[in-house]
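Peer 1: Submitted below is the structure of interest, expressed as C-alpha cells.
Nothing in this text is a laboratory measurement; each read-out follows from the coordinates by a stated rule. Not measured: the values here are computed from a predicted model. Counting neighbours? That spans all protein chains shown, and the Cβs are built from the backbone with ideal geometry, glycine included.
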Amino acid sequence: MATFAELWESLLPIGRDDGTGGYFRQSWTEPELRCRAWFTDQAERRGMAVERDGNGNLFAWWAEGKGQAVLTGSHFDSVPGGGAYDGPLGIVSAFAAVDVLRAEGFRPGHPIGVAAFVEEEGARFGVSCLGSRLLAGEIDPDRAAGLTDAEGTTFAEAVSGDLGPEPPEDYRIGRDDDLLGRIGSFVELHVEQGRALDVPVGVAGAIWPHGRWRMDFAGRGDHAGSTRLEDRHDPMQPFAHAVIAAREAAERHGARATVGRVRALPGGTNVIASQVTAWLDARGPGDEVVRATVAEIRERVSLAAAFHGVDFGLSAESYTSLVDFDADLRKRIVAALGGAPVLPTAAGHDAGILAARLPTAMLFVRNPTGVSHAPEEHATEADCLAGVAALAAVLRDLAAP
Ligand code: HGY
Ligand code: MN
Ligand code: MN
Ligand code: MN
C-alpha cells in the first residue's frame, strides 16, 4: 500500500496553479472532478465501496463490523488561490489511517467511512459547507438548488456534474436520514488555520460563530471625467466605506470581519460603476459579538450609501452559531491520543455542520506558517504523519469491536 507521502504526492498537483502555488478546485470543475476520480480510485484499491449521496458528497466504506459507522474525511474544494492542505489533508490522512489499521491487522467492530464533502468553501455557489448542510438538512434544498455561480449556472444544474451523460433520475438533493442514521460519529482531521499549536496534533474545542452577508450597492453608471463630483452616485464610495467599517467595527467588538469577493460593474477605468457587489465574512467568539459587529457595519454603510445617493442592501447568506463539539467524544479522543491540546477555531468546517446531527470532533495538524487560504499554508511531513497516527488511534478506539 502507498506511503502517506506517495498518497499525498498523487493528489497534490491536481488543481494547483504552478505559477502562484495556489489551488483552484471549485465543485464540479475539472480539477475537482479529478479529485473525485482520485477518491474513487483510492477507495477501490482498498476494496472500499463508494457511495455518492444526492448532494454530490462521496463516501468510501470499510464495511466491516456492525452498527453505526465511524466517519472521517473532509473536502477537496478550495478557495480561489487556496493552500494545498485545507481539506485534502483530511481525506488523504483518512485513507492513510485506514492503511495503518489494516497493516496492523485491526478488524473494526463498526464500519469505517471516508467522506469528501462537496462545496465546503462555498467558493462557487456562495454558501459554505453546502454539501454537509444539505445532507444534515441545515439548508432548504430548493434554496440550494437555485444558488448560482459567477456564470449563472445553478447548483441544481451542476450537482450531476460527476454523474456522466446519463445521471440517474432518482437523485435528489437534501437531507438524507438513511445515510445520517448509518453514521455514529464524524471525526475530521484538518490543517490548523492559525498559529496556536506548538505540538503536532491538537483537538478542536469549539468553532466560533461565523457568517456571510452579501452587500449590494446600486448607483448610477456615468462618465469618470465629465461627471461633476456633486452629480455622482458612485457605489464604490459606500463600498470603500464598508471595507474600513468592517475592520473598525471588528476591532471595537472583538470580532473578525473581512470584505471580499468584490465585483464592480461594468468595470471600466473611465467609468463610474453602476453597481458593486461584495461579501462580508464576520466571525467572533460569541453570537452577540458577531451580531453587534454586523449591525454597526450595516448602520455605517447605510449612512454612507445615503450620502452618495446609492442604494445599499445587506443580506445574510449563511450563518453558523457557536459549535461546541461533543464533550464526551472530545474527552475520549484526547484520551485515545494520550493527551492533546484543545483549541477553538474561527474557521468553519463540515464537522461544525454535522455536529447538529451526530457526535463530531476535529483533529488539527500543526501549521508552522499559520497561514491558510493561501499558498503559504503548510504542514511538515512529520506532523502529517503524526496526524495520521493520531487519526488511526482515534478510529481504532471508536471502531473497536
Ligand atoms: O471559511 C472557513 O472558515 C472554512 O475554511 N471553510
Ligand atoms: Mn477553508
Ligand atoms: Mn477546510
Ligand atoms: Mn464498539
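Peer 1: Considering only the other residues whose Cβ falls under 11 Å of the Cβ of Pro141, what net charge follows from Lys and Arg at +1 and Asp and Glu at -1?
Peer 2: Values: positive: Arg133, Arg143, Arg172, Arg175; negative: Glu138, Asp140, Asp142, Asp176.
Result for the local shell: 0.
Peer 1: Let me ask another. Calculate, in nm to one decimal, what Ala374 and Arg34 gain on full extension: separation in residues at 0.36 nm each, minus their alpha carbon distance. Don't jump to the answer; show the numbers that get you there.
Peer 2: Working: separation 340, 0.36 × 340 = 122.40 nm, distance 2.12 nm.
So the extension gain works out to 120.3 nm.
Peer 1: Can you tell which of Asp86, Asp53, Asp178 shows the greatest fluctuation in a Gaussian network model of the chain with Cα springs below 10 Å?
Peer 2: Asp178
Peer 1: By the scheme Lys and Arg +1, Asp and Glu -1, what is the net charge of all other residues having a beta-carbon under 14 Å from that of Leu395?
Peer 2: Values: positive: Arg46, Arg102, Arg107, Arg332, Arg396; negative: Glu64, Asp99, Glu104, Glu188, Asp397.
For residues surrounding Leu395, the net value is 0.
Peer 1: Right, here's the next one. For segment 34-47, just list the computed ³J(HN,Hα) in residue order, Karplus coefficients 6.51, -1.76 and 1.60, θ = phi - 60°, integers in Hz, with x standing in for Gly and Pro.
Peer 2: Per residue, the Karplus-derived 3J(HN,Hα) values read 5, 5, 4, 5, 4, 4, 4, 4, 5, 5, 5, 4, 9, x Hz.
Peer 1: What ³J(HN,Hα) values, in whole Hz, does the Karplus curve 6.51 cos²θ - 1.76 cosθ + 1.60 give for segment 23-32 when θ = phi - 60°, with x put for Gly and Pro?
Peer 2: Computed from phi, the couplings for segment 23-32 are 10, 9, 10, 9, 3, 6, 9, 3, x, 6 Hz.
Peer 1: Once R0 is set to 25 Å, what does the formula 1/(1 + (r/R0)^6) return for the Cβ-Cβ distance between Asp142 and Leu314, expressed as a FRET efficiency to the nearest 0.05?
Peer 2: Working: r = 23 Å, r/R0 = 0.92.
Here the calculated transfer efficiency is 0.60.
Peer 1: If I build a Gaussian network model for the chain, linking alpha-carbon pairs within less than 10 angstrom, which residue out of His378, His190, His223 has the largest mean-square fluctuation?
Peer 2: Most flexible of the set in this elastic network: His223.
Peer 1: Among Trp8, Val365, Thr153, pick out the residue whose Cα is farthest towards the positive end of the charge dipole of the chain, where Lys and Arg carry +1 and Asp and Glu carry -1 on C-beta, about the Cα centre.
Peer 2: The residue sitting farthest along the positive end of the dipole is Val365.
Peer 1: Around Asn55, what is the net charge, scoring Lys/Arg as +1 and Asp/Glu as -1 over all other residues with Cβ under 11 Å from its Cβ? Write down the numbers at each step before the final one.
Peer 2: Working: positive: Arg52, Arg133, Arg172, Arg175; negative: Asp53, Glu119, Asp176.
That works out to +1.
Peer 1: If we count other beta carbons within 10 Å of each Cβ, what is the order of Arg366, Arg332, fewest first? Numbers along the way, then the final one.
Peer 2: On the way: Arg366 23, Arg332 17.
Lowest to highest Cβ neighbour count: Arg332, Arg366.
Peer 1: Contact order normalised by length for the chain, with contacts defined as Cα pairs under 8 Å and 6 or more residues apart; what percent is it?
Peer 2: Values: 903 pairs, mean separation 88.6, N = 401.
Averaging sequence separation for qualifying contacts and normalising by length gives 22 percent for the chain.
Peer 1: From the C-alpha gyration tensor of the chain, pull out the three semi-axes of the equivalent ellipsoid (sqrt of 5λ each), sorted largest to smallest, in whole Å. Write out the running numbers ahead of the final one.
Peer 2: Details: eigenvalues 315, 104, 74 Å².
One finds semi-axes of 40, 23, 19 Å for the chain.
Peer 1: What is the magnitude of the charge dipole of segment 63-191 about its Cα centre, with +1 placed on the Cβ of each Lys and Arg, -1 on the Cβ of each Asp and Glu, and no other charges, expressed in debye to the nearest 20? Write down the numbers at each step before the final one.
Peer 2: Values: 9 positive and 22 negative charges, 112 e Å.
I would put it at about 540 debye.
Peer 1: Something else about it: Picking from Trp62, Gly90, His75, whose Cα lies most toward the positive end of the charge dipole for segment 18-161 (charges on Cβ: Lys, Arg +1; Asp, Glu -1)?
Peer 2: Highest projection toward the positive end goes to Trp62.
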